[in-house]
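Scroll down for the structure; my scribbles are underneath it.
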Amino acid sequence: QLQLVESGGGLVQPGGSLRLSCAASGSISSIYTVGWYRQAPGKQRELVAKMRSGGSTIYADSVKGRFTISRDNAKNTVYLQMYNLKPEDTAVYYCNVAPIDAWGQGTQVTVSS
């Protein structure tokens with residue numbers, strides 16, 4: 001079973017940047033869709049961004065223009081570059097690989113002054 005480990009979260013001031021990484025224990029070959037989701041306290045988990053096997057991407061409206069998802073199939077790693085972070089971006093961020101529905105344990109992102 002594919003294992004996913006997220007890293008790169010932390011505390012950042014509004015307007016700051018972070019880069020999240022998701023390392024997979026096995027191949028995340030281009031046949032898979034990879035994605036980032038987040039869950040804030042008291043809220044449902046929501047899609048942040050995903051990248052299909054062909055390279056097309058989907059972003060939540062709230063992060064368009066600020067976040068970028070990318071993948072390195074050779075390194076079995078998915079990234080989420082986040083710029084101009086806002087307090088409302090505070091959440092636990094999870095990596096997902098579809099359609100096998102693999103999830104990581106999450107990494108906390110806190111945006112606060």
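What about Val109, is it among the β-branched types (Val, Ile, Thr) and in contact with a Cys (Cβ under 6 Å, 6 or more places away or on another chain)?
no
Being of a type in the set (Lys, Arg) and touching a Lys or Arg at 6+ places or on another chain (Cβ under 9 Å) is true for just one of Arg19, Arg52, Arg71, Arg38. Which residue is that?
Result of the check over Arg19, Arg52, Arg71, Arg38: Arg38.
Condition first: within 14 Å of the chain's Cα centre (by Cα), exposed (fewer than 15 other Cβ atoms within 10 Å of the Cβ) and at pLDDT 95 or above. Can you find one or more residues in the range 85-103 that meet it?
No - not one qualifying residue is present in the range 85-103.
So which strands (runs of 3 or more DSSP E) are wholly in the range 69-113 and hold at least 2 residues that are among the polar types (S, T, N, Q)?
The qualifying strands (runs of 3 or more DSSP E) are 77-82, 107-111.
Taking Ser70 and the conditions (1) out of contact with any Phe, Trp or Tyr (no Cβ under 6 Å at 6 or more places or on another chain); (2) among the polar types (S, T, N, Q); (3) open to solvent by less than 60 Å² (accessible area, probe 1.4 Å), which numbered condition does it fall short on, given that it satisfies the others?
Condition (1) is where Ser70 drops out.
Tell me, which residue of the range 1-15 that is exposed (fewer than 15 other Cβ atoms within 10 Å of the Cβ) and more than 12 Å from Asn76 (Cα to Cα) is nearest to the chain's Cα centre (by Cα)?
Among residues in the range 1-15 that are exposed (fewer than 15 other Cβ atoms within 10 Å of the Cβ) and more than 12 Å from Asn76 (Cα to Cα), the one nearest to the chain's Cα centre (by Cα) is Ser7.
Which of the residues belonging to the range 19-66 are open to solvent by less than 30 Å² (accessible area, probe 1.4 Å), outside any loop (DSSP other than H, G, I, E, B) and farther than 19 Å from Gln3 by Cα?
Matches in the range 19-66: Val48, Ala49.
Could you please tell me which pairs satisfy a Cβ distance under 7 Å, a separation of 6+ or placement on different chains, a first residue in the range 67-80 that is among the basic types (Lys, Arg), and a second residue that is open to solvent by 60 Å² or more (accessible area, probe 1.4 Å)?
Hits for this filter: zero, empty list.
The values are calculated or read from the model by the stated rules, or taken from the named source; none is laboratory data. Since this is a predicted model, take the numbers as computed values, not measurements. Heads up, the Cβs are rebuilt from the backbone with ideal geometry, glycines too, and the neighbour counts pull from every protein chain shown. Ligands, DNA and RNA are excluded from the accessible area calculation, which covers all protein heavy atoms including side chains. Shrake-Rupley method; radii C 1.70, N 1.55, O 1.52, S 1.80 Å.
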